[in-house]
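Here's the structure we're looking at; comments come further down.
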Amino acid sequence: MSSKDQTGVGRAQRPRRKAGTQTRAPEAERTPHPGGRPRDPAIEEAILEATRKRLATDGYTRMTIGDVVADAGVTRPTLYRRWPNKHELVVDALHYGLQKQRTAYPPLDVDRMTPLEAFTEAVRRLDPRYHNERAMALHGNFMGEAEREPALFEQMREHGNKPRCAELMGTLQQLQEAGAVRKEADLETVVVLCFGSYFGDYLQTGAGTPADHVDRVVAVLWPTIRAEKHG
């Protein structure tokens, strides 16, 4: 790993550049200005996609900037004009992938569904592989780096896992308020069990999510939390 790869690893804030120290970019890739050409968003997307693939295969420690630029078909200066170090590149790549996954979800309108349908769909959206087949490898690599790079693991938890679990919790609370779920039901444990079921299945099989996985999980849990009138 080069010294550039390691610069700033673990920092949460982007370092402030001193005046006159920034490398001059080629005309096509400079920050937009009157009469100039804007950056090509396809370049940034290619870098972010290459970063995510390398994170899944190599993990954070083994991933190098050299590998990323080679995979993306760009140069080191092109990457460093956008991200000053590997840590910030990885954080942006993580957010980029999570945003793509969130926007891929169809709308969840609980009011237009039966309680069982709403619960089932909310559990389905918990699957880390819902929009990214490499998601389990990414989770595993970030967990493996938890002690060396706790800030990265926290990014995954805060911006990936918590919002996903919050949607199921919100659905359950809405169903509870509507009288479809028992008031004394332990919703937090239900969320943990549903989310954990995907990791448990993957650790056992190493394969993709079974087509009937959600239905089986729901079939076990729904009878324990539904209100009697919805039995």
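The values are calculated or read from the model by the stated rules, or taken from the named source; none is laboratory data. Being a predicted model, the structure only gives us computed values, none of them experimental. Here Cβ is always computed from backbone atoms with ideal geometry, including for glycine, and neighbour counts include all displayed protein chains. Heavy atoms of the whole protein, side chains included, go into the accessibility calculation; ligands, DNA and RNA do not. Shrake-Rupley method; radii C 1.70, N 1.55, O 1.52, S 1.80 Å.
Values for this structure:
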{"quantity": "Matching residues, segment 147-166, being at pLDDT 90 or above and open to solvent by less than 50 Å² (accessible area, probe 1.4 Å)", "calculated": "Cys165"}
{"quantity": "Residue in segment 194-205 that is outside any helix (DSSP H, G or I), modelled with pLDDT under 95 and open to solvent by 50 Å² or more (accessible area, probe 1.4 Å) present", "calculated": "no"}
{"quantity": "Every residue from segment 24-72 that is at pLDDT below 85 and β-branched (Val, Ile, Thr)", "calculated": "Thr31"}
{"quantity": "Contacts under 8 angstrom Cβ, first residue in segment 170-197 being within 14 Å of Arg125 (Cα to Cα), partner at pLDDT 95 or above and outside any helix (DSSP H, G or I), 6 or more apart", "calculated": "Leu172/Val181; Leu172/Ala185"}
